[in-house]
Amino acid sequence: MKKIIIVNYGLGNVNSVFRKISRLGIHSEISDNPTSILKADKIILPGVGHFRKAVENLQISGIWHALNEAVLVKKTPVLGICLGMQLMTKNSEEGDVEGFGWFNARVVRFRVQDTLKHKVPHMGWNSIKPMKSSKLMNDLPETPGFYFVHSYHAVAEKPDEVLATSV
């Protein structure tokens with residue numbers, strides 16, 4: 001059986017992710033143990049919270065180095081959700097700190113002109129628009145809806161590296 005680890009670094013929605021995956025009939029484990037992370041076949045990096053605090057927690061716990069080794073050396077597939085995906089970028093304005101740098105992107109705060117029309121944080125259901133083919137986009141409805149709660153977003157250095165955008 002494949003070992004899927006949901007990384008627990010003290011911020012976020014690990015139990016929500018665990019319950020959803022369990023409902024899909026997929027076995028996973030929640031772990032904050034660097035050794036378990038290194039033995040994983042797949043990794044989920046969830047998160048809700050502040051970028052700087054997340055980096056601090058990951059570094060203090062030893063998970064930071066384990067994730068870098070798992071992803072960069074062992075090539076373990078990793079799925080980042082919300083803050084977990086933002087941590088994969090080069091850096092974030094939220095706390096002005098470096099991320100993993102796995103993606104050529106940076107995280108910036110939403111800048112809106114019309115604050116009556118566009119609220120920050122952005123909260124609500126949005127569709128996504130796939131920009132290229134990926135297994136992650138297989139079997140989605142024609143206009144897939146996702147729930148967002150965020151004040152920051154990733155900006156890729158190369159637009160052709162973007163998998164999907166929110167519309």
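Read the figures in this text as sums done on the coordinates, not as results from a lab. In this text, all values refer to a predicted model and were calculated from it rather than measured experimentally. Note: ideal-geometry Cβ built from the backbone for every residue, glycine included; neighbour counts use all protein chains shown.
Among Tyr152, Tyr147, Tyr9, sorting on how many other beta-carbon atoms sit within 10 Å of each Cβ, with the fewest leading, yields Tyr147, Tyr152, Tyr9. How high is the relative contact order of the stretch 79-167? Use alpha-carbon pairs under 8 Å, at least six apart in sequence, and give a whole percent. Relative contact order, the stretch 79-167: 29 percent. In the stretch 107-134, whose amide N lies under 19 Å from the spot 7 Å out along Cα-to-Cβ of Tyr147? List them in ranges. Counting backbone N atoms under 19 Å from the label point, the list is 119-128.
Here's the list of lysines a cross-link from Lys42 could span, going by alpha-carbon distance under 25 Å and ignoring same-chain residues fewer than 8 apart: Lys2, Lys3, Lys20, Lys53, Lys74, Lys75, Lys90, Lys132, Lys135.
Looking at the stretch 94-167, the GluC sites (Glu not before Pro) that sit in a DSSP loop and have at most 16 other Cβ atoms within 10 Å of their own Cβ are Glu142, Glu157. Remark: the His118-Lys2 segment gains 37.5 nm on full extension, using 0.36 nm per residue and subtracting the alpha carbon distance. Local charge for Val120 was computed over the other residues whose Cβ lies under 10 Å away, with Lys and Arg +1 and Asp and Glu -1, and equals +3. Computed on the Cα atoms alone, the convex hull of the chain gives a volume of 128 cubic angstrom per residue.
Over all other residues within a Cβ to Cβ distance under 14 Å of Glu69, the charged ones net out to +3, with Lys and Arg as +1 and Asp and Glu as -1. Only beta bridges with both residues in the chain are counted; by DSSP, about 60 percent of them are antiparallel. Contact order, relative form, for the chain: 17 percent (alpha carbon pairs under 8 Å, 6 or more residues apart, mean separation divided by residue count). Using the Cβ of Ile6 as centre and a radius below 12 Å, the other residues enclosed give a net charge of +2, where K and R count +1 and D and E count -1.
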